[in-house]
1. Please specify each residue of the stretch 16-26 satisfying the condition of being open to solvent by less than 80 Å² (accessible area, probe 1.4 Å) and farther than 15 Å from Leu60 by Cβ.
2. Looking only at the stretch 54-68, which residues are among the aliphatic types (A, V, I, L, M) and closer than 12 Å to Leu27 by Cα?
3. Failed condition for Ala53, given (1) small (Gly, Ala, Ser); (2) in a loop (DSSP other than H, G, I, E, B); (3) in contact with a strand residue (DSSP E or B) (Cβ under 8 Å, 6 or more places away or on another chain), with all others met?
4. Which members of the stretch 27-52 meet the condition of being closer than 17 Å to Thr68 by Cβ and surrounded by 11 or more Cβ atoms within 10 Å (Cβ to Cβ)?
5. Step by step: first the residues of the stretch 1-26, then only those that are part of a loop (DSSP other than H, G, I, E, B), without any contact (Cβ under 8 Å) to a residue 24 or more places away in the chain and small (Gly, Ala, Ser), then the one that is nearest to Arg67 (Cα to Cα). Which residue is that?
Amino acid sequence: MARRKSSPGISRIDQRDKRTHGFFVRLTRRGKTHSAFFTDRKYGGRKAAFAAAQLRYAALLKKFGPRTGKKPNHTRRRHQGIPETRGRKVFRHGPFNRRSLKKTARSAEA
């Protein structure tokens, strides 16, 4: 079971290879994403960075308001599959046109 997030909009980022440790704040309103990163090193530790991230998130909520409960209006894709195949059926092992598919189907029947 996944652990419930106690602070929405704030995520912990730990990347040892890149030496990136801190909290990432993100809030999206009207299609625009507002984000900030609070590093442990700059704020003197994990707790202080988290406190700064919470303050920033609260300020963003105050400025832009709480969630309205509406989901984003995504448009549905009309065309599916691999683009620019123009009537050819495309399989993992390569493209075939319809004529070659009919020939292989006839040879399989015989």
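The values are calculated or read from the model by the stated rules, or taken from the named source; none is laboratory data. This one's a predicted model, so the numbers in the text were calculated from it and none came from an experiment. Positions of Cβ are generated from backbone atoms using ideal geometry, with glycine treated the same way; all protein chains shown enter the neighbour counts. All accessible areas refer to the heavy atoms of the entire protein, side chains included, with ligands and DNA or RNA removed. Shrake-Rupley method; radii C 1.70, N 1.55, O 1.52, S 1.80 Å.
1. Thr20, His21, Gly22
2. Selection gives Ala58, Ala59, Leu60, Leu61.
3. Result: Ala53 fails condition (2) only.
4. Leu27, Thr28, Arg29, His34 - these are the residues of the stretch 27-52 that are closer than 17 Å to Thr68 by Cβ and surrounded by 11 or more Cβ atoms within 10 Å (Cβ to Cβ).
5. So, considering only residues that are part of a loop (DSSP other than H, G, I, E, B), without any contact (Cβ under 8 Å) to a residue 24 or more places away in the chain and small (Gly, Ala, Ser), the one nearest to Arg67 (Cα to Cα) is Ser6.
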